[in-house]
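Worksheet: the structure to be examined is printed underneath.
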Amino acid sequence: MFQIGDIEIHLVSDGVVWVDRGGAFGLVPQALFSRYLPPDEKQRVPMVLTCLLVRAGGRTIVVDTGLGTRVDDRAIRFWGLEREHGTLLDGLARKGVQPEDVDLVIDTHLHSDHCSGNMCYGPDGALLPTFPNAEYVVQRREYEDAMQPNERTRGTYFPDSYAPLVESGQMRLLDGDTEIVPGVWGVVTPGHTPGHQSMRFESGGQHALFVSDLASYAIQFERLAWMTAYDVEPLVTLESKRKWQQWAVDTGGLLIFQHDTQILAAHLVEDADSGKRTLQPVEAGWV
């Protein structure tokens, strides 16, 4: 658990998926990235689906909902999904939080591994909001792109995870950087998708950033040129990272990484002589 002033942040795993190393590291040669994350015999690397449980402003908040409970056997095989720590809902339950207790759900973006858990099946098989009493929020640009995918993006956008929420009025669309709850900001960090947002936390003079897919792995935040093949606008990703690297150095803010199985959180420090920026990992774990 991290305490950022009055804001409490817990890391909750919805499982680990195994993805093709070419997708995860794009143009970075395997000889380089395998020093940090060697692929398995199937040329796959692991990505944890880290979600957040946040308590701020008297509200119980979930950031991203992972693959959720609707994954069938075919999807489990496709993703190579493993759930040693259980689902997001299992992790929330360990903290005494039931789905009806959640006040707010924030989607960083609408790729299926980040928002499929928005919805669940009821006892009669009907599709229902997983968190019935929560307001859901996402960037308007992200929603518009997700509702009109192209050949490049349609494989990861599935409207049944978000369209019913917008249609019912349970999901609110944000227009740019927004303070959603005092001290909790959705900040647009484009590149992975044009409407991708990261979560910035500020309270009591302390700072943190839930990086999400601005940098899927910690090493991709440290190294501007390293990014996934999933990024729709990779050169925009690079400039977004440049901006938030400077923020991390200036504020000393805590960086929380969503998919990294080894470095869950870190600080970025700059050497005074060389100007080189490196990550200093912070001890962290899932609930």
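Points worth noting:
- Options Thr108, Thr156, Thr130: the member that is closer than 17 Å to Leu67 by Cα, of a type in the set (Ser, Thr, Tyr) and modelled with pLDDT under 95: Thr156
- Tally, over segment 268-287, of residues that are in contact with a Gly (Cβ under 7 Å, 6 or more places away or on another chain) and under 13 Å from Phe257 (Cβ atoms): 1
- Cross-chain or 6+ apart pairs with Cβ under 6 Å, segment 260-282 first and without any contact (Cβ under 8 Å) to a residue 60 or more places away in the chain, then of a type in the set (Asp, Glu): Arg277/Glu270
- Considering the conditions (1) outside any loop (DSSP other than H, G, I, E, B); (2) touching a residue at least 12 places away in the same chain (Cβ under 8 Å); (3) under 24 Å from Ala24 (Cβ atoms), Ala75 is excluded by exactly one of them, (2).
Residue-by-condition table, conditions (1) touching a Pro at 6+ places or on another chain (Cβ under 9 Å); (2) assigned to a loop (DSSP other than H, G, I, E, B); (3) not hydrophobic (A, V, I, L, M, F, W, C):
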{"position": "Glu8", "(1), (2), (3)": "no, no, yes"}
{"position": "Leu11", "(1), (2), (3)": "no, no, no"}
{"position": "Trp18", "(1), (2), (3)": "yes, no, no"}
{"position": "Lys42", "(1), (2), (3)": "no, yes, yes"}
{"position": "Val48", "(1), (2), (3)": "no, no, no"}
{"position": "Cys51", "(1), (2), (3)": "no, no, no"}
{"position": "Ile61", "(1), (2), (3)": "no, no, no"}
{"position": "Gly86", "(1), (2), (3)": "no, yes, yes"}
{"position": "Leu89", "(1), (2), (3)": "yes, no, no"}
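- Residue check for Phe33: of a type in the set (Phe, Trp, Tyr), under 30 Å from Phe2 (Cβ atoms), over 18 Å from the mean Cα position of the chain (by Cα) and surrounded by 15 or more Cβ atoms within 10 Å (Cβ to Cβ): yes
- Taken together, the residues in segment 11-66 that are under 30 Å from Ala134 (Cβ atoms) and of a type in the set (Asp, Glu) amount to 2.
- With respect to the conditions (1) in a loop (DSSP other than H, G, I, E, B); (2) under 15 Å from Thr50 (Cβ atoms), Met199 lacks only one, and its number is (1).
- The listed residues are His192, His109, and the only one of them that is assigned to a loop (DSSP other than H, G, I, E, B), within 19 Å of Leu49 (Cα to Cα) and out of contact with any strand residue (DSSP E or B) (no Cβ under 9 Å at 6 or more places or on another chain) turns out to be His192.
- Some residue of segment 202-223 being surrounded by 23 or more Cβ atoms within 10 Å (Cβ to Cβ), of a type in the set (A, V, I, L, M) and out of contact with any strand residue (DSSP E or B) (no Cβ under 7 Å at 6 or more places or on another chain): yes
The values are calculated or read from the model by the stated rules, or taken from the named source; none is laboratory data. As the structure is a computational prediction, the values presented were derived from the model and not from experiment. Reconstructed Cβ throughout: ideal geometry from the backbone, glycine too, with neighbour counts over all protein chains shown.
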